[in-house]
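One structure below.
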Amino acid sequence: MKFVCHLAFGPVDHMVPMARAIDENGFDSIGLSDHVVHPENIKTPYPYTEDGKPRWEPFTDWPDPWVSVGAMAAVTERVHFVTGVYVLPMRNPFVVAKAVGTAAAISKNRLTLGIGTGWMEDEFDLLEQPFRRRGQRTDEMIEVLRKIWAGGMVEHHGEFYDFARLEMSPAPSEPVPIIVGGLSDRALKRAAMVGDGWISDRHSTEELRGYLAKLAALRKDSPRSNVPMQVMVSCMDAFDKDAYRRLEDIGVTHLTTKPWVFYGGEEDDLAAKLDGVKRFADEMIR
């Protein structure tokens, strides 16, 4: 079991000191989230709450993940970075390939691209990308990104993207893992058939057991059946070593946490967050 310390919803000026502490205390990865804007009146219901309202308030910091990786990679040595999740079809694939490829090069391949197809149609409209058929575009974008990151001259002729031979430098010296978020049958199939792993929302251990069984069956019949699969989860009923071991037993590879919450730390209290990272490392990871 590896541990991911997620920095979503925290103040941007906490990121660099938190990265140093997370790096020094044995966490595997730093988790980052993604939104570009927060419309005052969001028309699209949020799919992961009963009332359709987002889990955050307006004026919550949403720093750009790739600028953040550059800053944090410069002050760390071993910790990895993962987006949980980056809204892939809301962007142009060449812009994504350049930003992620550069971040991978700067961090010396300490990077995993966690993607989702997105839920906020308002944001797609503002970024001038179609909301309709975003899942199909995501599938093709994954293919395009892997081609470009492989280095050398490449071309692509697909339904949504068509380009003659080109190259993009710097190219990552190792493949960038792509793990897929989402709970729909289509998202699970994407994670198992073309992804390097899956990202959950907040679930119980039993709920995760059901999702992982579906993923295992899909992966077995996929072209990537021989590629190890990451499973990054946020679990609502796992708070001690025995519970973490149960998650490991059902196939979880990475557990996302905000460890300061266990010790009463608040999101805007940097000292409490740093203390929570160290205490969790001492009590759980080590």
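The values are calculated or read from the model by the stated rules, or taken from the named source; none is laboratory data. Everything quoted here is computed from the prediction, not taken from an experiment. All Cβ positions, even for glycine, are placed from backbone atoms using ideal geometry, and neighbour counts span all protein chains on display.
Does region 14-22 include one or more residues that are within 13 Å of H80 (Cα to Cα) and touching a Lys or Arg at 6+ places or on another chain (Cβ under 6 Å)? Within region 14-22 (the criterion being within 13 Å of H80 (Cα to Cα) and touching a Lys or Arg at 6+ places or on another chain (Cβ under 6 Å)), the answer is no, since none of the residues qualifies. Strands (runs of 3 or more DSSP E) fully within region 104-214 that include at least 1 residues being in contact with a helix residue (DSSP H, G or I) (Cβ under 7 Å, 6 or more places away or on another chain): 111-116, 154-157, 178-181, 197-203. When region 215-244 is filtered for residues that are charged (D, E, K, R), part of a helix (DSSP H, G or I) and surrounded by fewer than 16 Cβ atoms within 10 Å (Cβ to Cβ), the ones remaining, listed by number, are K220, K241, D242. Please verify whether G101 is surrounded by fewer than 24 Cβ atoms within 10 Å (Cβ to Cβ) and either modelled with pLDDT under 95 or closer than 24 Å to A19 by Cα (or both), treating the condition exactly as stated. For G101, the condition - surrounded by fewer than 24 Cβ atoms within 10 Å (Cβ to Cβ) and either modelled with pLDDT under 95 or closer than 24 Å to A19 by Cα (or both) - is met.
Summed over region 98-139, the residues that are without any contact (Cβ under 8 Å) to a residue 60 or more places away in the chain and β-branched (V, I, T) give a count of 2.
Within region 1-29, restricting attention to residues that are closer than 13 Å to P63 by Cβ and not aliphatic (A, V, I, L, M), the residue that is surrounded by the fewest Cβ atoms within 10 Å (Cβ to Cβ) is D13. Taken over region 73-116, the criterion of being over 26 Å from L166 (Cα atoms) and under 16 Å from the mean Cα position of the chain (by Cα) is satisfied by V79, H80, F81, V82, T83, G84, V85, G116.
Looking only at residues in region 126-181 that are in contact with a strand residue (DSSP E or B) (Cβ under 9 Å, 6 or more places away or on another chain) and acidic (D, E), which one is nearest to H254 (Cα to Cα)? Ranking the candidates gives E143 first.
Filtering region 51-97 down to residues that are polar (S, T, N, Q) and in contact (Cβ under 8 Å) with a residue 40 or more places away in the chain, which residue is surrounded by the fewest Cβ atoms within 10 Å (Cβ to Cβ)?
T60
Within region 270-277, at least one residue is in contact with a Phe, Trp or Tyr (Cβ under 6 Å, 6 or more places away or on another chain), in contact (Cβ under 8 Å) with a residue 60 or more places away in the chain and surrounded by 21 or more Cβ atoms within 10 Å (Cβ to Cβ). Scanning region 111-121 turns up one or more residues that are closer than 24 Å to D185 by Cβ, polar (S, T, N, Q) and in contact with a Lys or Arg (Cβ under 7 Å, 6 or more places away or on another chain). In region 207-232, the residues that are without any contact (Cβ under 8 Å) to a residue 40 or more places away in the chain and closer than 23 Å to G31 by Cβ form Cβ pairs under 8 Å with partners that are part of a helix (DSSP H, G or I) and of a type in the set (D, E, K, R), at six or more places apart or across chains, as follows: M229/R219.
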